[in-house]
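S.K.: Submitted below is the structure of interest, expressed as structure tokens.
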Amino acid sequence: MVLVVTMRTPSYVNYYVLCLVCWIVLGITGVSTRSHSLVRRFAGIYPGPYFDENSPKNCTAQLGTNAFLPCKVRQLGNKSVSWIRRRDAHILSVDRIMFIADERFQTIYVDGSDTWTLQIKYVQARDEGEYECQISTEQKMSHVVYLSVIVPKIEILGDRERFVRTGSTVVLHCVINQSVEAPSYVFWYHRGKRLLNDPYGKLVIHQPTPTENGYDSQLVIHNARLEDTGNYTCSPSNLDSASIILHVLNGEHPAAIQRGISAAPGGCRALWWLAGSVSLSSNQGRRLFVLLVLLSMALFTYQRSIRLAYTTR
């Protein structure tokens with residue numbers, strides 16, 4: 001019996017020695033185990049939650065689009081992540097729970113990731129400013145992201161009023177400057193009614209095409225008629241609109257009327273419109289009536305100017 005015991009004892013010792021050697025080897029080679037990862041997690045440079053250095057500090061969004069403000073948090077553990085709007089210190093969210101009635105705001109988090117993203121839908125100009133991503137540690141940790149909102153400028157090239165003759169081809173350019181991305185669509189309206197491409201080619205709408213500073217949408221009106229007179233509005237998606245008034249004249253050259261209105265020093269605009277209507281009218285009796293009204297208004301204007309000159313003396 002003594003011999004047997006002395007033979008087994010070295011085997012147990014060798015077994016424990018072998019286990020000890022294996023454990024040391026595993027520690028030296030850095031083989032990843034759950035307990036080993038926990039030791040490295042809390043014994044490294046950051047013993048707790050910290051913000052990823054690659055988290056952006058500035059984001060840009062165009063008016064009417066969606067903005068995404070990411071916040072990367074490492075080793076969060078059982079802490080919470082909050083988003084705060086610095087402008088009014090309003091708490092927007094804590095983890096996935098929203099604390100603002102504005103449904104445009106939403107927190108996006110994918111399980112297993114380290115990124116908590118604040119989404120702002122249909123961005124408005126007043127949304128520009130600082131947003132704070134905060135970790136609920138004893139001493140609060142914050143990461144600030146500044147949101148810049150770009151507001152494109154919408155305009156229809158040319159004067160606000162345009163005069164053309166019947167039968168002309170009119171091209172209206174709706175220019176969208178300082179635009180980060182192209183609008184999904186551009187609608188054109190005439191007197192509040194949306195225009196569509198004419199199958200016969202009278203109306204042609206060109207969707208936005210890139211330019212040097214933005215995008216350009218065109219409305220082409222072939223063989224303009226009197227009924228084409230009126231207000232034309234260009235309305236891009238999620239952006240403001242721009243308008244122009246088109247006058248289609250029958251007979252008189254529009255440039256002459258425009259020069260007459262603008263060049264008359266101190267002249268009455270209504271008088272020049274009456275003069276234009278006289279030249280455009282084809283009825284002799286109507287011309288005589290308009291001429292009488294024109295003379296009466298001219299006389300009234302003359303008498304008023306004399307009175308003013310007399311009172312100033």
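The values are calculated or read from the model by the stated rules, or taken from the named source; none is laboratory data. Model, not experiment: these values are computed from the prediction. FYI the Cβ positions are ideal-geometry reconstructions off the backbone, even for glycines, and counts take in every protein chain you see.
S.K.: Test of understanding: among Ile135, Ile120, which residue is touching a residue at least 40 places away in the same chain (Cβ under 8 Å), of a type in the set (A, V, I, L, M, F, W, C) and touching a helix residue (DSSP H, G or I) at 6+ places or on another chain (Cβ under 7 Å)?
M.R.: Result: Ile120 is the single residue among Ile135, Ile120 that is touching a residue at least 40 places away in the same chain (Cβ under 8 Å), of a type in the set (A, V, I, L, M, F, W, C) and touching a helix residue (DSSP H, G or I) at 6+ places or on another chain (Cβ under 7 Å).
S.K.: May I ask you to say which residue of Gly64, Gly112 is surrounded by 14 or more Cβ atoms within 10 Å (Cβ to Cβ), at positive phi and not basic (Lys, Arg)?
M.R.: It is Gly64.
S.K.: Output the residue which, of all residues in region 171-203 that are within 14 Å of the chain's Cα centre (by Cα) and either polar (S, T, N, Q) or modelled with pLDDT of 95 or more (or both), is surrounded by the most Cβ atoms within 10 Å (Cβ to Cβ).
M.R.: Ser179
S.K.: Return the pair list, or none, for Cβ contacts closer than 8 Å from residues in region 203-216 that are in contact (Cβ under 8 Å) with a residue 60 or more places away in the chain to residues that are in a strand (DSSP E or B) and β-branched (Val, Ile, Thr), at least 6 apart or on different chains.
M.R.: Gly214/Val175; Gly214/Ile176
S.K.: While we're looking at this one, here's another question. Regarding region 160-174, can at least one residue be identified that is touching a Leu at 6+ places or on another chain (Cβ under 8 Å) and closer than 27 Å to Thr60 by Cβ?
M.R.: Scanning region 160-174 turns up at least one residue that is touching a Leu at 6+ places or on another chain (Cβ under 8 Å) and closer than 27 Å to Thr60 by Cβ.
S.K.: Continuing with this model, one more query. Test Tyr131 against the criterion of being crowded, with 19+ Cβ neighbours inside 10 Å and within 27 Å of the chain's Cα centre (by Cα), and give yes or no.
M.R.: When the stated conditions are applied, Tyr131 passes them.
S.K.: How do the pairs read when you match residues in region 82-104 that are more than 16 Å from Arg126 (Cα to Cα) and touching a residue at least 24 places away in the same chain (Cβ under 8 Å) with residues anywhere that are outside any strand (DSSP E or B) and acidic (Asp, Glu), using Cβ under 8 Å and keeping only pairs 6 or more apart or on different chains?
M.R.: From residues that are more than 16 Å from Arg126 (Cα to Cα) and touching a residue at least 24 places away in the same chain (Cβ under 8 Å), the pairs are Ser82/Asp95.
S.K.: Please report, ordered by residue number, the strands (runs of 3 or more DSSP E) entirely within region 54-118 with at least 1 residues that are small (Gly, Ala, Ser).
M.R.: Result: 58-62, 67-74, 81-85, 90-94.
S.K.: Can you confirm whether Gly77 is surrounded by fewer than 19 Cβ atoms within 10 Å (Cβ to Cβ), more than 16 Å from Ser148 (Cβ to Cβ), without any contact (Cβ under 8 Å) to a residue 40 or more places away in the chain and in contact with a Gly (Cβ under 8 Å, 6 or more places away or on another chain)?
M.R.: yes
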